[in-house]
């Protein structure tokens, strides 16, 4: 269980760039067989959102924000071997960051959470060119496309991506998530058929 004290200890180490201490905490939770969703939502997502808030309000530098992201990505690699679900449900998802979007960690976490529920997830990473994403979707033929928006400034690229997927693949479901939605835009997204917003990793379980 992730208590408030444990979270605060972790977050202080994270902001301080103390990777070894962060690893010690996460490894301890894994040894206790913590639920992966709890780890992702109550530790990783919570700390990343708080870091984003501090950066957006000029409380920390870009360098500090990048340090937090790099440490968290290393910790995700530590957790990854625990993700595999014994029973696959034959569902496939392609998860991609919006074109021009350089923050990929949210999309990676979403792909990981789907894996824990039996999905086969294909995470394409940051700043994926739209034509390459469309070609990959055509190749894999997924049940779901996930698009990550971390910075609201990239909303036009997101809308372009949604419209391109709809033009090529019709009724294919599209899930949009990311911290960029905190600044608005959900109304623009919901007007597209079979397209919906996911405001937290916990909501992925409803898909």
> Once the Cα atoms of helix 155-169 and of the chain are each reduced to a long axis, what angle between those two axes, in degrees from 0 to 90 to the nearest 10, is obtained?
Replying inline: 50 degrees
>> Please state the shape class of the stretch 4-82: rounded when a/c is under 1.5, otherwise prolate if a/b exceeds b/c and oblate if not, all from the C-alpha gyration tensor.
In response: prolate
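Starting from the Kirkwood Rh over alpha-carbon pairs, what translational D in µm² s⁻¹ does the stretch 92-206 have by Stokes-Einstein at 25 °C and 0.890 mPa s? Walk me through the intermediate numbers first.
Values: Rh = 13.6 Å.
For the chosen part, D equals 181 µm²/s.
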>> Report the gain in length on full extension from residue 8 to residue 130: 0.36 nm times residue separation, minus Cα-Cα distance, nm rounded to one decimal.
In response: 40.0 nm
> What angle, in degrees between 0 and 90 and rounded to the nearest 10, separates the Cα long axis of helix 46-56 from the longest principal axis of the Cα atoms of the chain?
Replying inline: 80 degrees
>> Can you tell me the length gained on complete extension of the stretch residue 50 to residue 66, counting 0.36 nm per residue apart and subtracting the Cα distance?
In response: 4.4 nm
>> Just to be sure I understand the curve: with the Debye formula and one point per C-alpha of the stretch 39-94, what is log10 I(q)/I(0) at q = 0.23, 0.25, 0.26 Å⁻¹?
In response: -0.93, -1.00, -1.04
> How far apart, in nm, are the 7 Å Cα→Cβ label points at residue 143 and residue 74?
Replying inline: 3.7 nm
> Under the classification rounded if a/c is under 1.5, otherwise prolate if a/b is larger than b/c and oblate if not, where does the chain fall, given a ≥ b ≥ c as square roots of the Cα gyration tensor eigenvalues?
Replying inline: oblate
> Of all DSSP beta bridges in the chain, what percent run antiparallel (nearest 5)?
Replying inline: 0 percent
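Here, each number is a calculation from the coordinates, and none is a lab measurement. These numbers were taken from a predicted model, which means no experiment stands behind them. Backbone-built Cβ (ideal geometry, glycine too); neighbour counts: all protein chains shown.
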